[in-house]
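Taking it in order: structure first as structure tokens, then the write-up.
The values are calculated or read from the model by the stated rules, or taken from the named source; none is laboratory data. Computed from a predicted structure; not experimentally measured. Neighbour counts run over all protein chains shown; Cβ positions are idealised from the backbone, glycine included. These area figures cover heavy atoms from the full protein model, side chains too; ligands, DNA and RNA do not enter into them. Shrake-Rupley method; radii C 1.70, N 1.55, O 1.52, S 1.80 Å.
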Amino acid sequence: MKYTTALNLAPGKAICYSGFREGQRPGGIVPSYEEIKEDLLMLHHHWQYLRLYDCDPHAETVLEVIQKENFNFKIMLGAYIVAEANNYGCPWGGTYSADQLEENKLINLKQIKKLIDLANEYPDIICCLSAGNEACVDWTDHYVPVQNVIEYVRMIKREAKQPVTFCENYLPWLDKLKDLVEEVDFISIHTYPVWEYKRIHEAMEYTKQNYYAVADTYPNTPVVITEAGWTTFSNGKGICPSNVNEEFQRIYYNDLIDWSKDANILTFVFEAFDESWKGSNEALEPEKHWGLFTVNRKPKKVMQELFES
């Protein structure tokens, strides 16, 4: 099922956007109006859709800039929900006290209500909504039971008019999230061949396999890719350093964009800018280097033809 008709969205290129610069991070120093305006000026001729992860001050400023500067972006806005149950299988810590889990439920409720409020405040800019991000997959450190996610989806659908989804790795959609499929307006999947030890010559075929595994299972529900990308550095933990560089990113990006256009699939590339705050303190930590631009807003190889004269 095609997103253009099912979700009433125009065809267009899409990208994940997190504007945090060096020394900034969620919950800490956030980008200013002028910094976000600078970013959006870079992006607005080339991408029509932006994905934001959280209903935080950063997202509020992005929406304000789009409205005041009259940028022609449509936004997928997400609520970032935190752990409501322990996940003992998370390699980097997914366990919390009972008191913390109860407090997290209140935090999540506020986040969902904020999502609804922003959706209703910016109905011409926000085109779709997500009830969470990677909160049900086996390895998550912010595990939320599927039934709780279903309740959040229902709450959003009662009070906002935009289509509602939940963003998750492709694999849980095939079994664990079957009940959730009945509730969402569309399915949102993440596919990362490089995290699954695929080399660049295998990458695009693997992405297609991930997508069609879900799309063929639910032929009556639109499937959107809300994250797919290729990092440019690795410290060797989880990703072989020889498997990542700017040339491989360029190849994967171009193949992904061509296929998405030909197949009429809305695909949010991960991501616009490097995020130095993420992951470990190691400089080559792969989580820091997925951007098409560096944290200093310099175009990587894939973008140089467009952004360097």
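Tabulated values for the structure
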item: Residues (part of a helix (DSSP H, G or I) and open to solvent by less than 40 Å² (accessible area, probe 1.4 Å)) located in region 9-43; result: ILE36, ASP39, LEU40, MET42, LEU43
item: Residues that are touching a helix residue (DSSP H, G or I) at 6+ places or on another chain (Cβ under 8 Å) and either open to solvent by less than 10 Å² (accessible area, probe 1.4 Å) or of a type in the set (Val, Ile, Thr) (or both), drawn from region 186-199; result: PHE186, ILE187, ILE189, THR191, PRO193, VAL194
item: Residue list for region 122-148, restricted to those being surrounded by fewer than 21 Cβ atoms within 10 Å (Cβ to Cβ) and among the aliphatic types (A, V, I, L, M); result: ILE125, VAL137, VAL146
item: Qualifying position, being under 22 Å from GLU287 (Cα atoms) and in contact with a Leu (Cβ under 6 Å, 6 or more places away or on another chain), among TYR17, TYR3; result: TYR17
item: Yes/no for ALA203 being surrounded by fewer than 18 Cβ atoms within 10 Å (Cβ to Cβ) and not basic (Lys, Arg); result: no
item: Qualifying positions in region 207-229 - open to solvent by less than 20 Å² (accessible area, probe 1.4 Å), touching a helix residue (DSSP H, G or I) at 6+ places or on another chain (Cβ under 8 Å) and not in a helix (DSSP H, G or I); result: PRO222, VAL223, VAL224, ILE225, ALA228, GLY229
item: Residue among GLU183, GLU102, GLU151 that is in a loop (DSSP other than H, G, I, E, B) and open to solvent by 10 Å² or more (accessible area, probe 1.4 Å); result: GLU183
item: Every residue from region 44-60 that is closer than 21 Å to LEU292 by Cβ and in a helix (DSSP H, G or I); result: HIS58, ALA59
item: Selected residue (criterion: farthest from the chain's Cα centre (by Cα)) from residues of region 158-177 that are surrounded by 17 or more Cβ atoms within 10 Å (Cβ to Cβ) and under 15 Å from CYS127 (Cβ atoms); result: ALA160
item: Hits in region 69-88 - residues which are of a type in the set (A, V, I, L, M) and over 14 Å from the mean Cα position of the chain (by Cα); result: VAL82, ALA83, ALA85
item: Flag for ILE81 being assigned to a loop (DSSP other than H, G, I, E, B), in contact (Cβ under 8 Å) with a residue 24 or more places away in the chain and either of a type in the set (S, T, N, Q) or surrounded by 15 or more Cβ atoms within 10 Å (Cβ to Cβ) (or both); result: yes
item: Candidates GLU287, GLU275 - the one that is of a type outside the set (S, T, N, Q) and not in a helix (DSSP H, G or I); result: GLU275
